[in-house]
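I have placed the structure first, in the form of structure tokens, so that the comments after it can refer back to it.
Please treat every number below as a calculation from the coordinates, not as lab data. Note that the structure is predicted; figures quoted are calculated from it, not measured. Methodologically, a virtual Cβ is constructed for each residue, glycine included, from the backbone with ideal geometry; neighbour enumeration extends over all protein chains shown.
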Amino acid sequence: MRKFCLVLVVLSYVAFGFAQDKQTLKQVNNMLELIGKGTQSLHKQDMSTWTPEKIAIQENNIQRIDSLLSRYGWLKPPQVSKKASRAYYEVLLYAPIDMQKKYQNEVYSAAKSKAIKSGEYYTFTDRIKILENKYQIFGTQAKTDDVGNLYFIPIDTTLINNRKLPILPPGEYIYFSSPKFVTLFIHIYSQERKEGVADAQIYLNENKIGHSNARGFFQINLPRFRNSIELRIRKGTTTKTITLNNTNNYDWLDETVYL
């Protein structure tokens, strides 16, 4: 009889714990869905136009996702809904780089378990590389400057071989590079207004290395350097000298010049 009573007590505790867990998961699910919906709404707008209130919402979402991941890990269906499970990715994609790197393995695991798409993991990984001024791995990232020049951050050929070319609008791009080089992007604008300066001549050590396009953009792979180099940029009678520093050993540098 005592044994039977003990079994009943144990079962009642199990049932109570299960009910508690179920209720907790429901609450977490609802929170994740709200976070995901809010994050999607935020990122329909350019981040540069965000008000302080929207910035505060984003920061709060980041803190909550960090807390949920630390406590429960990345919850997936059927524990939570698909929308709830995606909220982790939606927030991490725009989180500070330290947090992105902290949870990069969780994002990889989520892709392996199909909680997110493989392509989303590729995008996430390349975004980290770009934030570190490193070459990308999968070729998901391109940038646009203030006058509409689209440029591609090269793929590191030492990390992945035979990578297919990404589909980009017609234009001139540096698709591939390696740690032997530093890729340089220069945006040359007029002093009077933000307008690209066409056909500006660029010199390195008195040698001309190229000229800007019709919208003031220039790109080149230079041999890897870690000290300072000087470039001279000339248009007509106007010349400007800029110093490039690569003490952080970046893979690519992005410079803006006003003539």
*So how do F181, F176 line up by other beta-carbon neighbours within 10 Å, fewest first?*
F176, F181
_Cα-based equivalent ellipsoid of the chain: semi-axis lengths in Å, sorted from largest, via gyration tensor_ = 51, 20, 15
*For the residues V91, V80, V257, what sequence is obtained by ranking on other C-beta atoms within 10 Å, fewest first?*
V257, V80, V91
*Considering the zone a paramagnetic label at E195 would reach in this model (a point 7 Å from Cα along the Cα-to-Cβ line), which residues of segment 218-259 have amide N under 18 Å from it?*
235-238, 257-259
*Mean-position separation - Cα centroids, segment 143-216 and segment 32-82, in angstrom*: 34
*Of the peptides 247-253, 129-135, how do they stack up when ordered by the mean number of other Cβ atoms within 10 Å, highest first?*
129-135, 247-253
*Kindly express, to the nearest 10 degrees and within the range 0 to 90, the angle between helix 82-92's C-alpha long axis and the longest C-alpha principal axis of the chain.*
40
